[in-house]
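The values are calculated or read from the model by the stated rules, or taken from the named source; none is laboratory data. Because the structure is predicted, anything quoted here is derived from the model rather than measured. Reconstructed Cβ throughout: ideal geometry from the backbone, glycine too, with neighbour counts over all protein chains shown. For accessibility, only protein heavy atoms count, side chains too; no ligands or nucleic acids. Shrake-Rupley method; radii C 1.70, N 1.55, O 1.52, S 1.80 Å.
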Amino acid sequence: MAAKDTVALVLAAGKGTRLKSDMAKVLHRAGGRSLVEHVVRACQPLKPAEILVIVGHQAEQVAAAVEPLGAKAVVQNPQRGTGHAVLVARKAIRRSAKYLLVVPGDAPLLRASTLAALVETHRRENAAATLLTANLADPTGYGRVIRKEGDGSVAAVVEDSALAPEQRAINEINSSIYCFTLDKLWPCLAALRPNNVHRELYLTDAIALLNARQERVIAMTTPDSDEILGCNTRAHLADADRVFRQRKAAELMDAGVTIYLPETVVIDADVDVGRDTIIEPGVELLGATRVAERCVIRTGSVLTNCRVDEGALIEPHCVAIDSRIGKNSRLGPFARLRPGADMREGSHVGNFVELKKTVLGEFAKANHLAYLGDATIGSGSNIGAGTITCNYDGVHKFPTKIGKRVFIGSDTALVAPVRVGDGAYVAAGSVITENVPADALAIARGRQANKAGWAKVRRAELAREAKSKKKTKRRR
Ligand code: UD1
Ligand code: MG
C-alpha cells in the first residue's frame with residue numbers, strides 16, 4: 001500500500017476552544033493515546049512519502065508527541081484557519097508529491113483502511129478533490145456537503161455557522177478528511193478569503209473554488225460515522241474513548257480473553273493479554289502492560305506498564321505501576337506495587353502491603369500490612385505482618401538485603417542499610433539496626449517482665465477509690 005506520490009498532512013495547530021482546556025486539543029487522550037498520535041498511526045500503513053503535522057498551540061509538546069512516530073512538525077503561527085494551515089505546509093511538501101491527504105488531528109477513530117480507500121477512490125476517479133463524508137442523525141456543528149443535482153458530485157461545503165435555513169436539514173457532513181490533487185489545489189488556496197465570522201481561511205472554501213474552475217470534486221461516504229468523530233467537546237472525547245475501549249475489549253475477546261462486563265473495563269491500545277486470562281469488571285490495564293496466559297485480574301485492579309506472567313492471580317483492588325507480577329504469583333486484595341516491584345515466581349503479596357524497588361524472591365511471602373522498599377528478599381522467605389524497611393533517613397535511601405528462607409517476625413523494623421543472612425530468624429517486634437548472620441536468631445526489643453498478681457491488686461485499689469468518691473458526693 002505504498003503511496004510515494006502522496007503526502008499526508010495532519011492539521012493539529014488549533015487550540016480547541018470548545019474543550020475549555022489549558023491543553024491543546026490534539027494532546028487530549030482517548031483510548032490511552034493522544035488524539036494526534038492516533039491520527040498519525042492511522043496514516044502510517046499507507047506509507048506516504050511523508051507525514052507532516054501542522055503544529056501551533058503548544059507546538060513543542062505536539063511535536064514531541066508525533067516525532068517519535070516518524071512524522072515531521074511544521075509550525076503554523078498564528079493559526080488563521082484550516083486553509084491557512086495547508087498554505088503554511090506548502091514549503092514543506094516535496095515537489096514530487098502529486099496528492100495531498102489532509103486529516104484533522106482530532107479524529108482519533110479513523111481507520112487506516114478508510115484513508116487508503118479514500119486515496120484509492122481519488123486516484124481511480126481522477127478527481128481534483130475527494131471528500132470523506134458521513135451521514136449523521138445530528139449534524140450540528142459540522143460543515144455540510146452540498147451535492148450537485150445530476151451527477152451527485154460535490155458543489156460546496158458550508159460551515160454550520162453559515163448555513164441557510166433550508167440547508168440545515170442536510171445531514172451529510174464534511175469529515176475534514178480529504179484527498180487533493182496538489183496542482184489543482186494550490187491556485188484555489190491562493191484565492192481563499194477570510195469571509196466568515198472567525199476571519200479565518202477555511203479549507204472548505206476550496207471546494208467551491210475548485211468547482212468554479214470546472215474541477216471535479218467527489219465524495220466517499222463512510223458507513224461507520226463513528227470513525228470521523230471530531231473531538232470538539234468533552235462529550236465527543238468521552239464518546240471517542242468509549243469506542244476505543246469497546247474496540248479493544250472486542251479484539252481481546254476475539255483472541256481468547258474472557259472479559260466480564262466489558263463495557264466497564266479500561267484497556268489501553270498498546271496492552272497485550274494472553275488467552276484464557278480472565279478480566280473482571282472495573283479493571284484498568286494501562287500503558288504498555290503485558291499480561292500472559294491464564295491469569296486472573298479481579299475487579300477494581302489498576303495496572304500501568306506492568307508485566308504479569310502466566311498463571312498470576314491479582315485479587316480485587318490492587319494498584320501496580322512499572323512492576324512485574326511473576327508466574328503463578330498472587331497479589332492482593334488491596335496491595336500496592338510501586339515502580340521497580342518485582343514479584344518472582346510463586347510469590348505472594350497480600351492485603352495492605354506496599355512494595356517499591358523491591359525483589360520478592362521465588363515463593364517468598366509478604367501477606368499482610370508491610371512496607372518493603374529498596375529491598376531484596378531471597379526465595380522462600382516469609383515477611384511477617386507489619387514489617388517495615390526503614391529505607392529513608394530524610395535525605396538518602398538505603399538498601400535492605402534479606403537472604404533465602406529467612407523468617408521475619410511480625411512488626412519488625414529493618415533500619416537500612418542492613419542485611420539478614422540466609423536461614424536467619426528475626427523475633428517479632430524487633431528493631432534491627434545491625435546485620436543478622438545466616439541461621440542466627442535476632443531479638444531486638446525490651447525484655448518482658450511478668451509481675452505476679454499486679455492486676456488484681458490494682459483492680460482492688462481502683463474499686464476502693466470509686467467507693468470513697470461516691471460517699472463524698474452523697475455528703476454534699
Ligand atoms: C472542520 C471543518 C468542518 C468539518 C469539521 C469536521 C473547516 C473550516 N471546517 O471544522 O467542515 O465538518 O472540521 O470535524 O475546515 N487547525 C489547524 N490550524 C488552524 C485551524 C485548525 O491546524 O488554523 C486544525 C485543528 O487543530 C483541528 C483541525 O484543524 O485538528 C480542524 O479544526 P477545527 O477547529 O476542529 O475545525 P472544525 O470547526 O471542527
Ligand atoms: Mg474539529
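Expressed to the nearest 5 percent, the antiparallel share of DSSP beta bridges inside the range 6-228 is 45 percent.
Take the range 186-311 with all the other protein chains still there, run a 1.4 Å probe, and you get 47 Å² of accessible area per residue.
Give the lysines reachable from LYS456 as a straight Cα distance under 24 Å; neighbours fewer than 8 places away on the same chain don't count. The qualifying lysines are LYS467, LYS469, LYS470, LYS471.
Of all complete DSSP H helices in the chain, not one has a Cα span along the helix axis of 27 Å or greater and a mean Kyte-Doolittle hydropathy of 0.0 or more.
Does the range 6-228 come out rounded, prolate or oblate, given a ≥ b ≥ c as the square roots of the eigenvalues of its C-alpha gyration tensor, rounded meaning a/c under 1.5 and, failing that, prolate meaning a/b above b/c? In terms of gyration-tensor shape, rounded.
Averaging the Cα positions of each part gives two centres, and for the range 387-445 and the range 181-211 these lie 74 Å apart. Its relative contact order, with pairs defined as Cα atoms under 8 Å and 6+ residues apart, puts the chain at 8 percent. Cα centroid separation, the range 446-476 to the range 259-291: 62 Å. Out of PRO68, ALA427, THR304, whose Cα points farthest toward the positive end of the dipole of the chain (charges: +1 Lys, Arg; -1 Asp, Glu; placed on Cβ)? Final value for the positive-end residue is ALA427. For the range 323-388, the set of GluC sites (Glu not before Pro) satisfying both a DSSP loop assignment and a count of at most 14 other C-beta atoms within 10 Å is empty.
Each Lys and Arg contributes +1 and each Asp and Glu -1, all at the Cβ; summed about the Cα centre of the range 335-476, the dipole is approximately 2120 debye.
Rounded to the nearest 20 debye, the dipole magnitude of the range 291-381 is 120 debye, with +1 charges on Lys and Arg beta carbons, -1 on Asp and Glu beta carbons, and the Cα centre as origin.
When DSSP assigns beta bridges and you keep just the ones with both residues in the chain, what percent turn out antiparallel, to the nearest 5? Beta bridges within the chain, antiparallel portion: roughly 20 percent. Look at the dipole of the range 6-228 built from charges on Cβ: of SER225, ILE146, CYS43, the Cα furthest out on the positive end belongs to CYS43.
With the simple model of a label 7 Å out from the Cα in the direction of the Cβ, ALA64 to ALA440 spans 5.0 nm. Expressed as a whole percentage, what fraction of the accessible surface of the chain belongs to carbon and sulfur atoms when a 1.4 Å probe is rolled over the protein heavy atoms? That fraction is 51 percent. Put +1 on the Cβ of every Lys and Arg and -1 on every Asp and Glu Cβ in the range 6-228; which of ILE207, ALA97, ALA127 then has its Cα farthest towards the positive end of the dipole? The Cα lying farthest towards the positive end belongs to ALA97. Rg/Rh for the chain stands at 1.22; both radii use Cα atoms, and Rh follows the Kirkwood definition. Applying 0.36 nm per residue to the separation of SER113 and LYS467 and subtracting their alpha-carbon distance, the gain on full extension is 118.3 nm.
In a simple Cβ point-charge model (Lys, Arg +1; Asp, Glu -1; nothing else charged), the chain has a dipole of about 3320 debye relative to its Cα centre.
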